[in-house]
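What follows is one structure encoded as structure tokens, with my remarks underneath.
No value in this document is a laboratory result; all are computed from the given coordinates. Nothing here was measured: the structure is a model prediction, and the numbers come from that model. Note that each Cβ is placed from the backbone with ideal geometry, even for glycine, and that neighbours are counted across all protein chains shown.
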Amino acid sequence: MQTYRKIKYGSSSSLASELPDNYRYETNDYDISIEKDEKSISAQYRIGLDVRSSDRKDFIYKQVIKLKAVIKTARLYQWSKNILLFLPLCFLSEFRSVSVLNLCVGFFMLGLCASSVYFINDVLDKESDRLHPRKKFRPLAAGTLSSLEACGISCILLSTSIVFSILGLGTEFSICLGCYFGLTLMYSLYLKKVPIIDVMILALLYTLRIYMGAVILGINLSMLVYACSIGGFLSLALLKRSVELSSTSVGERINQRRGYILEDKSFVTTFGCVTGVSSTIFMVMYFYSTFEVYKYPQALIGICLGYTYWLSYMWLMTERGRMHDDPVFFATTNIQSYIILICVGISWIVAKGMVF
């Protein structure tokens, strides 16, 4: 048995130049063979091993970056809006565990549907987002995710949500889900460029979530509940427009897909505060009409005060320039929102007489 000595060279060309005349040198992208008299006398030298390993690491790294881009574009934190599906639980006469399970399924199906729209929206807004100080870092605007990939992912998410909704939650919920997608798509394509109509569509989409929750539970809610919802979410939508107007220069439009100008800011702020107050009035009217349902209806004042304070606080932060350009993100990361939510929850529990 012959013993062979390993030879290390800086490159394949230097290795070939050092071989004796009676040795033959063969190579491909990754392997080197050294043969003598057409009889192999040496093992393969894999000088491309490091290159292959590096390529594999680059491939994995790129896939991780792509996955992070997909998750970021899906805006999973926006799924917090879908908690509105659970709001009709407060109007149930008795608690049913199967209802909560169905609401959880609806929560995820609506989340997938909403995320599918975000991919399309970012494809449409790609150019204008590149001019925005924060949105320019979105994956499509930054070039991390291509438009074709975004459209493909959107189709997968939408089809998954519709199929599972039909199988698990019934036709009526699936129709509502289709209406939600259609309205959101119309908003992204055109309606977001029409002042006032754009914020009305947003308020309607939020209220549709509450209606979809009622559909899952099989209950009918008072029109005062929907009126309160539309007023409150109309105020929040106008709040977002106010934030966007605050970041524009004189006479400049927000971006290529908005219809407001800087001179509209005072109107937007006033209209937003008025709709917020009207929302509180509708809430008081609803509670007054359902006093007999609650054991301690006096505790309902805590819900009204908490809601009014939260809306006022959001507008105050906007006027002080401390509001994030996405109010939902601000609300879900602000400690005061959670404190108010806890206080409202306690007030509702006391009103229902669950602790006495």
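Brief remarks on what is shown
- Listed cross-link partners LYS81/LYS126; LYS135/LYS240; LYS136/LYS265; LYS126/LYS193; LYS193/LYS265 are compared with a 18 Å cut-off, the Cα-Cα value being larger for LYS81/LYS126; LYS136/LYS265.
- Farthest toward positive dipole pole in segment 53-221 [+1 Lys/Arg, -1 Asp/Glu at C-beta], among VAL70, MET109, TYR206: VAL70
- Cβ-Cβ FRET estimate between LYS193 and VAL277, R0 fixed at 25 Å, reported to 0.05: 0.35
- Taking a sphere under 15 Å around the Cβ of ARG209 and counting the other residues whose Cβ falls inside, with K and R at +1 and D and E at -1, yields a net charge of 0.
- Extension gain, GLN298 to SER146, is 49.2 nm, computed as 0.36 nm per intervening residue step minus the present C-alpha separation.
- Sites ARG320 and LEU76 - FRET efficiency at Förster radius 30 Å, r taken between beta-carbons, to 0.05: 0.55
- Orientation-averaged projection of segment 227-356 equals 8.5 nm² [convex hull of Cα atoms, one quarter of hull surface area].
- Ranked packing of 188-196, 304-312, 287-295, most packed first, by mean Cβ within 10 Å: 304-312, 188-196, 287-295
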